[in-house]
Amino acid sequence: MGNLVGSWRFKEPSTVEECDSTWGSDSESDEPTAEDDSGISDSVSPAESDRTAGQSGDAGLQLTDSPESAPKMKRSFYAARDLYKYRHSYPNYRKSRQPNEYRNLRFYMNKIPLVPDGIYIEEILSKWRGDYDKLEHNHTYIQWLFPLREQGLNFYAHELTQDEIKEFQSTREAKRRFLAAYSMMLDFYGIKLLDKSGNVARAPNWQERFQHLNESHHNYLRITRILKSLGELGYEAFKAPLVRLFLQESLCNVTLPNMQHSVLEYFVYTIRLPATRRRLLRFARKHYKPAHAFLWGPPPKKGITGSVGAGSSGIRAPAPTPELNRRVEENTSSSVSSRITVSSHDAIMCQDLVGGGIKGFPDLGSYEAGLQMPLMPVSGRRERSEYS
């Protein structure tokens, strides 16, 4: 019996729907009437708001043609599964048999340097802030500054453990340095940390840094890691303000248009509380163009198919019971054409990336790189990835 219990493994989800519980306990009737800024400081001038509104209006006129003419789009199962595991604290995690050396905590206590560079945390915090070239081109520090319970490409960096997380969260000096590291990376991206609640706003140099961030796609992987690490080390509440800012800038202000996919497919889903994810996705749906291509909304209401923007992608909430699953299948059997066709393209792309990695970015683990892929039209031909 002991062997049977010891070998039991949690059955992992096999579809995007099973990975995503965002809308599982929600209905459109509970949508709030007022917008919640989620800790984002209003740093957009009235003139800029008017200009953005004008652009959105024009885009709306141009992009409301028949959804049937647009290519079918789909969400990435690899992204959904990775973030499902993270949000559920890695259900099949196996405790290491090696002694717990607390290397991440000791690094943040300034007792050991990061490997292989041999640099201590205090030197990084005091000398690297504002050195954007170093932060951009050094590829070994990010795994040490933002540790996770999963392995990155820097195999000298150690995975977090549950015991180490508890010790870290109770160590004031380590937490202080961790927030300083977070603030340093925000500055690198053109953002400033406003307070101890995690509220954020544009930094004075935001235009220059946003232009760089819009063109530096590998930093989106870094941001995903940063968001995950915030949640592991006790700063879950810091995620929503940052994600809300990125939604605002990518969808409304169009200062980070290349980030749209990563925000919606990755950043939002690092947030563990479904209600917070729903609030962010409702905001995104109001501003996403074209509306019919929005894949992250709630499932279509019973008896309604082809609705624009609200679940028209065919993504459904997970079915928690066989009976509910049977009823969902019956309700949707008459609207097969509205479902998303999932091709083998994701698997091919993931295998290519895992096998070869990404040239030029050695800090990005092949596994991580294989996850963060853009949405792809379902077709026989292979499209270029934003990381290819």
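The values are calculated or read from the model by the stated rules, or taken from the named source; none is laboratory data. No experiment lies behind these values; they were computed from the predicted model shown. When we count neighbours, we look across all protein chains shown, and the Cβ atoms used for this are built from the backbone with ideal geometry, even at glycine. What goes into the accessible areas is simple: the full protein's heavy atoms, side chains included, and nothing from ligands, DNA or RNA. Shrake-Rupley method; radii C 1.70, N 1.55, O 1.52, S 1.80 Å.
Worth a mention:
- The number of residues in segment 159-171 that are under 18 Å from Ile121 (Cα atoms), at pLDDT 95 or above and in a loop (DSSP other than H, G, I, E, B) comes to 1.
- Total residues in segment 69-119, condition among the hydroxyl-bearing types (Ser, Thr, Tyr), open to solvent by 60 Å² or more (accessible area, probe 1.4 Å) and at pLDDT 90 or above: 1
- Members of segment 154-207 found to be polar (S, T, N, Q) and closer than 29 Å to Gly118 by Cβ, listed by number: Asn154, Thr161, Gln162, Gln169, Ser170, Thr171, Ser183
- If only residues of segment 244-290 that are in a loop (DSSP other than H, G, I, E, B) and touching an Asp or Glu at 6+ places or on another chain (Cβ under 9 Å) are counted, the one that is modelled with the lowest pLDDT is Pro290.
- Conditions (1) hydroxyl-bearing (Ser, Thr, Tyr); (2) closer than 25 Å to Glu122 by Cβ; (3) surrounded by fewer than 21 Cβ atoms within 10 Å (Cβ to Cβ); (4) modelled with pLDDT of 95 or more; number of the one not met by Tyr156: (4)
- Filter result for Gly309 (touching a Ser or Thr at 6+ places or on another chain (Cβ under 6 Å), at pLDDT below 95 and either open to solvent by less than 40 Å² (accessible area, probe 1.4 Å) or in a helix (DSSP H, G or I) (or both)): no
- Residues of segment 172-230 satisfying the condition of being part of a loop (DSSP other than H, G, I, E, B), free of Cβ contacts under 8 Å to residues at least 24 places away in the same chain and surrounded by fewer than 20 Cβ atoms within 10 Å (Cβ to Cβ): Asp195, Lys196, Ala203, Pro204, Asn205
- Residue check for Ser262: touching a Pro at 6+ places or on another chain (Cβ under 7 Å), within 30 Å of Ile165 (Cα to Cα) and surrounded by 21 or more Cβ atoms within 10 Å (Cβ to Cβ): no
- Each residue in segment 120-153 was checked for being of a type outside the set (A, V, I, L, M), out of contact with any Gly (no Cβ under 9 Å at 6 or more places or on another chain), open to solvent by less than 40 Å² (accessible area, probe 1.4 Å) and not in a loop (DSSP other than H, G, I, E, B), and 2 of them qualify.
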